[in-house]
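Notes for the one structure printed next.
The values are calculated or read from the model by the stated rules, or taken from the named source; none is laboratory data. All values derive from a computational prediction rather than experimental measurement. Don't worry about glycine lacking a Cβ; one is built from the backbone with ideal geometry, like all the others, and counts go over all protein chains shown. Note: accessible area is taken over every heavy atom of the protein model, side chains too, but ligands, DNA and RNA are not part of it. Shrake-Rupley method; radii C 1.70, N 1.55, O 1.52, S 1.80 Å.
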Amino acid sequence: MGGPDADAAGESGESFLSERSAKVFVAGHRGLVGSAIVRKLQQLGFANLVLRTHAELDLTRQSDVEEFFAAEKPRFVILAAAKVGGIHANNTYPADFISINLQIQTNVIDSAHRHGVKKLLFLGSSCIYPKFAPQPILEDALLTGPLEPTNEWYAVAKIAGIKMCQAYRIQYGWDAISGMPTNLYGPNDNFHPENSHVLPALMRRFHEAKVRGAKEVVVWGTGSPLREFLHVDDLADAVVFLMEKYSGSGHVNVGSGKEVTIKELAELVKDVVGFEGQLVWDSSKPDGTPRKLMDSSKLASLGWMPKISLKEGLCDTYKWYLENVKQ
Amino acid sequence: MGGPDDAAGESGESFLSERSAKVFVAGHRGLVGSAIVRKLQQLGFANLVLRTHAELDLTRQSDVEEFFAAEKPRFVILAAAKVGGIHANNTYPADFISINLQIQTNVIDSAHRHGVKKLLFLGSSCIYPKFAPQPILEDALLTGPLEPTNEWYAVAKIAGIKMCQAYRIQYGWDAISGMPTNLYGPNDNFHPENSHVLPALMRRFHEAKVRGAKEVVVWGTGSPLREFLHVDDLADAVVFLMEKYSGSGHVNVGSGKEVTIKELAELVKDVVGFEGQLVWDSSKPDGTPRKLMDSSKLASLGWMPKISLKEGLCDTYKWYLENVKQ
């Protein structure tokens, strides 16, 4: 499915971390993922970051992207810009989800190659995998079965992005890699009350219940499904690691490898938020998928491990929530 | 995988009732596009908008947008693609995925934005999993791994199908997809290194006849089964789908008729009039044992192919003699 994995640790030639004055374009720098990557790069002393808001640079416009690359000639590109959303958005605006993401990816990858970018990292999502992929999900599961219908538009676009990176590597010998993160959380996440992502939704609900003095919070289901979460600062760390150490054709899963039940998650969030009422399970409501866990042993074998435990990560996230999310 | 299928008779106004309407056939010089133009002209469509690659580079987003804003075609048939054989796909995978994605994304998006009434997107049977059960149903899409040698092209074509479905869901816009089986006919690629078996056999038997050779050696046992459709039948199916089909699901367009490679070779030998020996080198590999699309969905809408393999080969050889440099 893509070529053999070429250069694992140490064979990628020059080093990303040895070039901290090099120009790095982080596409999507204001999102959950992009903003964490910018934070990490700044911490590491990268001082030459090129950042453009959507208003400054619409990545769906081919000529604008080409002119940008011709003018800026970044050395490295991290492609974290995407049209993202929950189940409702995907179901209502499928054309946007597939076409905007295809345009962003095709424009950035192609222009980056044409304008001498040395290395590009493309970010995707665990939803690229088949709905019924064996768990834990290995990279090889890609395209081995039907996608989850509610996000197949986004998934098809992301799969095309992975394949584009592989294809450019084969045809041009160009260093393009892909990383596929598991469920992410952290600062700059979307805490909208209708957001179907369970972790920020739980945090918001427990917080509001605490503020209101509510007696209980009711959560749907039995709490038994298993999920994996990764703090976005760990993802940013993995991105730097992959830029430094990995130049292979195959995409790389980026997960924590640690599962929790939704029940354990809810109890942890309740504890971190400090809600003192009851946590009640409405088991008449459906549970989601029984289990969703990525197999991140490929990344682990390259030498990367996450550092942020779920409890630390939730504390950090709640702190950010209190400082930044309007009450 | 897409929405419910809106089958025959429910598509509202009729393509064939609007033969003065402007029709943009993208890729009009290729095997498929040229056959579609021939068919439309035969049917009296007199307002065809055709642009060569030099006149309109479909990979350029602004150029495509300006074209659609200026021309405002009523119908679009998207037959333009970057195509090639195994060697080309293996050597230029970036071209195969990016050029096709750009063409598709530009044309589908601009067509929608500029009021095109209906668009038909053409793909290929290579969108299906390598080990899809035969005959291959439309539902086989994305149920298993692709054939590695053309996965770049296949991923792009799958994205095109999904774009059409997505635009239908979000906008209620009439975009359909047709997936033809192996095609042959006038304007095919007869290049000696072309790995497509039918034109390769035709060329080889012709050259052997001209040289007075005693035999032609063909690799394998001749036992694999294949399906072929004359490109004029494909063009007829395209018109049929534009007229009758407004469903979300893509539609297989095949003849439903299998032949062994041995039967094909003997038929080509006969049509070309090569009188030497046809020899099978069974030490060489056979390809996939069987590749047949299930076209019953299209058949249930009321379409059948008209051109038998023998007739089609005669027609194609006649074209070959008139058009391919010796």
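Pairs only if they're at least six apart or on different chains, beta carbon under 9 angstrom, first in segment B:252-272 and over 16 Å from residue B:200 (Cβ atoms), second part of a helix (DSSP H, G or I) and among the hydroxyl-bearing types (Ser, Thr, Tyr); list them, first residue then second.
As it stands, the answer is B:252/B:125; B:252/B:296; B:254/B:125; B:256/B:296, since those pairs meet every condition given.
Out of the residues in segment A:166-193 meeting the condition of being in contact (Cβ under 8 Å) with a residue 12 or more places away in the chain and more than 28 Å from residue A:258 (Cβ to Cβ), tell me which one is farthest from the chain's Cα centre (by Cα).
A:172
List the number of the failed condition for residue B:105; all other conditions in (1) in a helix (DSSP H, G or I); (2) more than 10 Å from chain A (Cβ to nearest Cβ); (3) β-branched (Val, Ile, Thr) hold.
Failed condition: (2).
Can you give me the number of residues within segment B:104-113 that are open to solvent by 10 Å² or more (accessible area, probe 1.4 Å) and under 21 Å from the mean Cα position of the chain (by Cα)? Step through it out loud before you land on a result.
Narrowing segment B:104-113 to residues open to solvent by 10 Å² or more (accessible area, probe 1.4 Å): B:106, B:109, B:112-113.
Next, only the ones that are under 21 Å from the mean Cα position of the chain (by Cα) stay: B:106.
Here the count works out to 1.
Given the conditions (1) open to solvent by 40 Å² or more (accessible area, probe 1.4 Å); (2) within 14 Å of chain A (Cβ to nearest Cβ); (3) within 30 Å of residue A:173 (Cα to Cα); (4) at pLDDT 95 or above, which single one is not true for residue B:66?
Unmet condition: (3).
Matching residues to (1) more than 19 Å from residue A:239 (Cβ to Cβ); (2) crowded, with 20+ Cβ neighbours inside 10 Å:
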| residue | (1), (2) |
| --- | --- |
| A:262 | yes, yes |
| A:267 | yes, no |
| A:281 | yes, no |
| A:286 | yes, no |
| A:294 | no, yes |
| A:299 | no, yes |
| A:305 | no, no |
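Suppose the filter is surrounded by fewer than 18 Cβ atoms within 10 Å (Cβ to Cβ), of a type in the set (D, E, K, R) and within 14 Å of chain A (Cβ to nearest Cβ); does residue B:57 pass it? Steps first, answer last, please.
Values: surrounded by fewer than 18 Cβ atoms within 10 Å (Cβ to Cβ): yes; of a type in the set (D, E, K, R): yes; within 14 Å of chain A (Cβ to nearest Cβ): yes.
The answer is yes for residue B:57.
Being among the charged types (D, E, K, R) and within 14 Å of chain B (Cβ to nearest Cβ), is that true of even one residue in segment A:166-189?
Start the filter on segment A:166-189 by keeping residues that are among the charged types (D, E, K, R), which leaves A:169, A:175, A:189.
Of the ones still in play, those that are also within 14 Å of chain B (Cβ to nearest Cβ) are A:169, A:175.
Yes, there is a match, as at least one residue in segment A:166-189 is among the charged types (D, E, K, R) and within 14 Å of chain B (Cβ to nearest Cβ).
(1) open to solvent by less than 40 Å² (accessible area, probe 1.4 Å); (2) polar (S, T, N, Q); (3) at pLDDT 95 or above; (4) under 21 Å from the mean Cα position of the chain (by Cα): which one isn't true of residue B:42, the others all being true?
Against the list (1) open to solvent by less than 40 Å² (accessible area, probe 1.4 Å); (2) polar (S, T, N, Q); (3) at pLDDT 95 or above; (4) under 21 Å from the mean Cα position of the chain (by Cα), residue B:42 comes up short only on (1).
Of everything in segment A:269-278, what is outside any loop (DSSP other than H, G, I, E, B) and open to solvent by 80 Å² or more (accessible area, probe 1.4 Å)? Give them in sequence order. Explain how you work it out, then say what you get.
Going residue by residue through segment A:269-278, those that are outside any loop (DSSP other than H, G, I, E, B) are A:269-273, A:278.
If the condition is that a residue be outside any loop (DSSP other than H, G, I, E, B) and open to solvent by 80 Å² or more (accessible area, probe 1.4 Å), then A:271, A:278 are the ones that fit.
Only one of (1) of a type in the set (Phe, Trp, Tyr); (2) modelled with pLDDT under 95; (3) open to solvent by less than 60 Å² (accessible area, probe 1.4 Å) is not met by residue B:219, so which one is it?
Evaluating residue B:219 over (1) of a type in the set (Phe, Trp, Tyr); (2) modelled with pLDDT under 95; (3) open to solvent by less than 60 Å² (accessible area, probe 1.4 Å) leaves (3) as the failure.
On the basis of being modelled with pLDDT of 95 or more and more than 21 Å from the chain's Cα centre (by Cα), does residue B:159 make the cut? Reasoning before the result, please.
Details: modelled with pLDDT of 95 or more: yes; more than 21 Å from the chain's Cα centre (by Cα): no.
When the stated conditions are applied, residue B:159 does not pass them.
Considering only residues of segment A:114-165 that are among the hydroxyl-bearing types (Ser, Thr, Tyr) and either surrounded by 24 or more Cβ atoms within 10 Å (Cβ to Cβ) or out of contact with any helix residue (DSSP H, G or I) (no Cβ under 8 Å at 6 or more places or on another chain) (or both), which is nearest to the other protein chains (Cβ to nearest Cβ)?
Across segment A:114-165, the extreme among qualifying residues is A:144.
Looking at (1) out of contact with any Gly (no Cβ under 7 Å at 6 or more places or on another chain); (2) of a type in the set (S, T, N, Q); (3) at pLDDT 95 or above, which is the only condition residue A:190 fails?
(3)
Residues of segment A:279-298 being over 26 Å from residue A:215 (Cα atoms) and in a strand (DSSP E or B), which ones?
Passing the criteria: A:291, A:292, A:294.
Which number in (1) more than 10 Å from every other protein chain (Cβ to nearest Cβ); (2) small (Gly, Ala, Ser); (3) part of a loop (DSSP other than H, G, I, E, B) marks the one condition that residue B:110 misses?
(3)
Under the condition of being of a type in the set (A, V, I, L, M, F, W, C) and within 17 Å of residue B:121 (Cα to Cα), which residue from segment B:76-95 is most open to solvent (accessible area, probe 1.4 Å)? Can you show your working first?
First, the residues of segment B:76-95 that are of a type in the set (A, V, I, L, M, F, W, C): B:76-81, B:83, B:86, B:88, B:94.
Next, only the ones that are within 17 Å of residue B:121 (Cα to Cα) stay: B:76-81, B:83.
Values: B:76: 0, B:77: 1, B:78: 1, B:79: 23, B:80: 14, B:81: 37, B:83: 96 Å².
Per the criteria, the residue is B:83.
How many of the residues in segment A:226-244 are more than 20 Å from residue A:22 (Cβ to Cβ) and open to solvent by 10 Å² or more (accessible area, probe 1.4 Å)?
Summing the residues that are more than 20 Å from residue A:22 (Cβ to Cβ) and open to solvent by 10 Å² or more (accessible area, probe 1.4 Å) in segment A:226-244 gives 4.
Here is a check on your reading of the model: is residue B:80 part of a helix (DSSP H, G or I) and more than 10 Å from chain A (Cβ to nearest Cβ)? Working first, answer last.
On the way: part of a helix (DSSP H, G or I): no; more than 10 Å from chain A (Cβ to nearest Cβ): yes.
Taking the combined requirement at face value, the residue does not satisfy it.
Evaluate the following for residue A:197: is it within 17 Å of residue A:32 (Cα to Cα) and surrounded by fewer than 16 Cβ atoms within 10 Å (Cβ to Cβ)?
Values: within 17 Å of residue A:32 (Cα to Cα): yes; surrounded by fewer than 16 Cβ atoms within 10 Å (Cβ to Cβ): no.
So residue A:197 fails the test.
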